[in-house]
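Trainee: Have a look at the structure that comes next, please.
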Amino acid sequence: MEEKENTENAEMGKRKHSHDTKIVIKYYYERIRQNTRNFLKWMGLSVLTGLVVGGASAVFAGCIKAATEYRDTHNWIFMLLPVAGVLIVFMYEKIGRQDGGTNQVLATIKSKDDVPFLSAPLIFVSTLLTHLTGGSAGREGASIQFGGSIGNWLGKLAHLDEFDHHVMIMCGMSAAFAAVFGTPMAAAVFAMEVVSVGVMYYAALLPCVIASIIAAEFATGMGIDPETFPVHSIPGLTVETGLKMALIAVGCGILSILFCILLKTVGQLYTKYLKNPYIRIVVAAGVIILLTICLNTKDYMGAGSGLIARAIEKGEARPLDFLWKMLLTALTMRAGYRGGEIVPAFSIGATFGCVAGGILGFSPELAAAASMVALFCGVTNCPITAMLISFELFGFSGAAYYLIAISISYAVSGYYSLYKDQTIVYSKYKARYINRKTR
């Protein structure tokens, strides 16, 4: 009897063990199936985003290049800056009232809002007009908004939920940034880093990386070559050179604050004294034209890539280049012209560093390169992106100097930013949650 009972218990134990094993297998099978589906979904969507946004951004970059070349050989077109301004205001008044620019894209990633699909063609045309007629503006703001708008549209087509929808917007931003600048590493991280300082959206890592690489390669295949600036004069790191670099970096941090304050102040003055957007942009265009004629140079038109190249490759910059570029960019962007402030920030940083390096007896070329990414870090609060930009544009030879400049500028620049909807989640100075908007 006892033997029979033991046998039954053993059989029950085997059945229970078998049942438990099936449950465990089913659990892991479902997990693996879900993860595989998620992986394949994002691989497919990121490849699609990279191709669509990369192709569109390559066309955009090609048009900007053609517009810049035409402006450089036809000086008379600069006099049409007021006309271009009126056209831009008219377009946004009639069909783009809901467009909030780059800030709207950043806000959308954290909320349930949408990036209007009309943002893509609007920012394309308006940025093209700004560059064609000589406004002091970049192109990255347009590319971020452009890519975010297309990513938002693709997310709707794929019927993604709210959270995946936000990832698609970041994916589109990364793809556009990579296609326009040819820096896929920095582009992939920028979209994840810029929204909330102190928090990285790692859920977007795979799609942003894949989309960035495909978009950059696609743009290169279409003839949009990535910009690189070789830095030849790199001294060995010593206490003296390190201190000089640190001093220049402090200057970059302070300059980034001044640039953000200047943009905000000019915007407030425009709003207070020139309430009508048509009058505002015409008056601003007149001031920009007058200043440019008085300065007797075309160097401050457009993004300022010529200033960057001359400062980094030749170690040459006029003493006030960075101040004039700051002022003209603020006058242009806050009047209503479109484009972006990041490439102008690059040129401001490069020219400032070049001048400061010459004064301190430090390599002007290296100071220009380090200051370029340091100022970018100061106005965007994106140190990791800044580091990756420096490696992709300048190589690794001066890595120690770039890291010194970026880290110091990040600390000195405080809570200022180009983007009013950027959030400082964790303090720059303590491991403390603060969750506050930038200034």
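The values are calculated or read from the model by the stated rules, or taken from the named source; none is laboratory data. Remember, it's a predicted structure, so these values are computed and weren't measured experimentally. Quick reminder, even Gly has a Cβ in these numbers, built from the backbone with ideal geometry, and neighbours come from all protein chains shown. SASA here: full protein model, heavy atoms, side chains in, ligands and nucleic acids out. Shrake-Rupley method; radii C 1.70, N 1.55, O 1.52, S 1.80 Å.
Trainee: Can you list residue pairs whose Cβ atoms sit under 8 Å apart, with the first residue in the range 341-359 being part of a loop (DSSP other than H, G, I, E, B) and the second being modelled with pLDDT of 95 or more and among the polar types (S, T, N, Q)? Count only pairs 6 or more apart in sequence or on different chains.
Mentor: E341/T329
Trainee: Restrict the check to the range 273-287 and report whether at least one residue is of a type outside the set (D, E) and within 30 Å of S212 (Cα to Cα).
Mentor: no
Trainee: Let me ask you something else. Filter the range 283-314 down to residues that are touching a His at 6+ places or on another chain (Cβ under 9 Å) and either open to solvent by less than 40 Å² (accessible area, probe 1.4 Å) or within 16 Å of L375 (Cα to Cα) (or both), then give me how many there are.
Mentor: 3
Trainee: Sort out which residues of the range 181-209 are part of a helix (DSSP H, G or I) and open to solvent by less than 10 Å² (accessible area, probe 1.4 Å), and write them in order of number.
Mentor: Hits for the range 181-209 are A186, A187, A188, F190, A191, M192, A204, P207, C208.
Trainee: Determine, yes or no, whether F229 is closer than 28 Å to K314 by Cβ and free of Cβ contacts under 8 Å to residues at least 60 places away in the same chain.
Mentor: Against the criterion (closer than 28 Å to K314 by Cβ and free of Cβ contacts under 8 Å to residues at least 60 places away in the same chain), F229 does not qualify.
Trainee: Please work out which residue is farthest from the chain's Cα centre (by Cα), limiting yourself to the range 386-435 and to residues that are β-branched (V, I, T) and more than 19 Å from L366 (Cα to Cα).
Mentor: If we take residues in the range 386-435 being β-branched (V, I, T) and more than 19 Å from L366 (Cα to Cα), then I434 is farthest from the chain's Cα centre (by Cα).
Trainee: Given the conditions (1) part of a helix (DSSP H, G or I); (2) free of Cβ contacts under 8 Å to residues at least 40 places away in the same chain; (3) of a type in the set (V, I, T), which single one is not true for T297?
Mentor: Among (1) part of a helix (DSSP H, G or I); (2) free of Cβ contacts under 8 Å to residues at least 40 places away in the same chain; (3) of a type in the set (V, I, T), the lone unmet condition for T297 is (1).
Trainee: With in contact with a helix residue (DSSP H, G or I) (Cβ under 8 Å, 6 or more places away or on another chain) and under 26 Å from R334 (Cβ atoms) as the only criterion, which of L418, L403, L388 stands out?
Mentor: The match here is L418.
Trainee: Take the range 26-38 and flag every residue that is open to solvent by less than 100 Å² (accessible area, probe 1.4 Å) and either within 20 Å of A158 (Cβ to Cβ) or polar (S, T, N, Q) (or both).
Mentor: Scanning the range 26-38 gives R33, N35, T36, N38.
Trainee: Which condition from (1) open to solvent by less than 10 Å² (accessible area, probe 1.4 Å); (2) farther than 12 Å from M245 by Cα; (3) modelled with pLDDT of 95 or more is the one that V343 breaks?
Mentor: So the condition that V343 fails would be (3).
Trainee: Here is a follow-up. Could you tell me which numbered condition R318 fails, if it satisfies all but one of (1) part of a helix (DSSP H, G or I); (2) surrounded by fewer than 24 Cβ atoms within 10 Å (Cβ to Cβ); (3) in contact with a helix residue (DSSP H, G or I) (Cβ under 9 Å, 6 or more places away or on another chain); (4) of a type outside the set (D, E)?
Mentor: Looking at each condition in turn, R318 falls short on (1).
Residues are listed down the side, and each one gets a yes or a no for (1) open to solvent by 10 Å² or more (accessible area, probe 1.4 Å); (2) out of contact with any Phe, Trp or Tyr (no Cβ under 9 Å at 6 or more places or on another chain); (3) farther than 16 Å from A386 by Cβ; (4) assigned to a helix (DSSP H, G or I):
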{"site": "A137", "(1), (2), (3), (4)": "no, no, yes, no"}
{"site": "G148", "(1), (2), (3), (4)": "no, yes, yes, yes"}
{"site": "G151", "(1), (2), (3), (4)": "no, yes, yes, yes"}
{"site": "G155", "(1), (2), (3), (4)": "no, yes, yes, yes"}
{"site": "H159", "(1), (2), (3), (4)": "yes, yes, yes, no"}
{"site": "H165", "(1), (2), (3), (4)": "yes, yes, yes, yes"}
{"site": "I169", "(1), (2), (3), (4)": "no, yes, yes, yes"}
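Trainee: Determine, yes or no, whether R280 is more than 26 Å from F146 (Cα to Cα), surrounded by fewer than 24 Cβ atoms within 10 Å (Cβ to Cβ) and more than 22 Å from the chain's Cα centre (by Cα).
Mentor: So R280 fails the test.
Trainee: Another question, then. Restricted to the range 227-250, and to residues that are surrounded by 20 or more Cβ atoms within 10 Å (Cβ to Cβ) and over 22 Å from the mean Cα position of the chain (by Cα), which residue is farthest from C377 (Cα to Cα)?
Mentor: Only one residue fits best here, namely T241.
Every residue, every condition in (1) at pLDDT 85 or above; (2) over 22 Å from N152 (Cβ atoms); (3) open to solvent by less than 30 Å² (accessible area, probe 1.4 Å); (4) assigned to a helix (DSSP H, G or I), yes or no:
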site	(1), (2), (3), (4)
K65	yes, yes, no, yes
E69	yes, yes, no, yes
W76	yes, yes, no, yes
L80	yes, yes, no, yes
L87	yes, yes, no, yes
D99	no, no, yes, no
F117	no, no, no, no
S126	yes, no, yes, yes
L129	yes, yes, no, yes
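Trainee: Then there is this: Give G336, G353, G361, G395 a once-over and let me know the one that is open to solvent by less than 10 Å² (accessible area, probe 1.4 Å) and out of contact with any strand residue (DSSP E or B) (no Cβ under 9 Å at 6 or more places or on another chain).
Mentor: Criteria check complete, one pass: G353.
Trainee: Pull up the range 227-261, narrow it to residues that are β-branched (V, I, T), assigned to a loop (DSSP other than H, G, I, E, B) and closer than 30 Å to A61 by Cα, then point me to the one that is modelled with the lowest pLDDT.
Mentor: Among those residues, the one meeting the criterion is T228.
Trainee: For M387, all conditions in the list (1) crowded, with 22+ Cβ neighbours inside 10 Å; (2) in a helix (DSSP H, G or I) hold save one; what is the number of the exception?
Mentor: Against the list (1) crowded, with 22+ Cβ neighbours inside 10 Å; (2) in a helix (DSSP H, G or I), M387 comes up short only on (1).
Trainee: With the requirement that a residue be open to solvent by 40 Å² or more (accessible area, probe 1.4 Å) and not in a loop (DSSP other than H, G, I, E, B), what does the range 414-433 give you?
Mentor: Y426, Y433
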